[in-house]
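Below: one structure, written as structure tokens.
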Amino acid sequence: MNQRIRWARHGGVTVALAVAALVLLPTVRAIGLPLDDEGKGTECFIDKDDTLSPGLSFTPSSGTFATPAEGSVECHGPVNGHKPTGDGTFSEVGRYGTKDPDTCQGGGEGDGRFVITVPTDGGQQRFEAPFTFTYGEPSTRGGVVAGRFQGNGFHGTFDATPKDGDCLTKPVTRIHTVDEIHLEDAFFAHS
């Protein structure tokens, strides 16, 4: 497992993040997503940065996000019927504040499209897929805020930590996320 992903998944929350969490996190009821009852599919772990424009603050806003440099993805299980042979790449673009403007303290929602490429024993496997997401839950895996996403044949969670901005004195315009995605067998049939 990629050392950076392992640390992000199992690392502790620092005092600074705990203080920021008290300021940033709303009290939001977690939205449950169904798990694949048969245990089939593929689990992937994603480590990346995203930029936000104009950024999140205490002032409501809607905007866009993008992955400026491809992140890494590590998959466990078959990818389109093939065994992964190493880390792949991941990027995404999308919009936040799609129902109403979002804030740091209130969380929000959005939509987007991701591109995932994984090297396998059957060659490079590349997929694009649209998704919707919500965020604003407390992180339980070392980030500041957590969220959930889903699309046709997949669902997952993400934990985000601000990298540029703090919501109080400057809007958050860059975040680091660690995502966990479950690709159902049906995902590969739709791609």
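Each value in this text was obtained by applying a stated rule to the coordinates, not by laboratory testing. All values derive from a computational prediction rather than experimental measurement. Heads up, the Cβs are rebuilt from the backbone with ideal geometry, glycines too, and the neighbour counts pull from every protein chain shown.
Taking label points 7 Å from Cα along the Cα-to-Cβ direction, Arg113 and His76 give a separation of 3.2 nm.
Computed from the C-beta positions of Ala66 and Leu168 and an R0 of 30 Å, the FRET efficiency is 0.80 to the nearest 0.05. Neighbours of Lys163 by Cβ distance under 10 Å: Lys/Arg scored +1, Asp/Glu scored -1, total -2. In terms of Cα to Cα distance under 21 Å, which lysines are near enough to Lys163, apart from those fewer than 8 places away along the same chain? Those lysines meeting the cut-off are Lys48.
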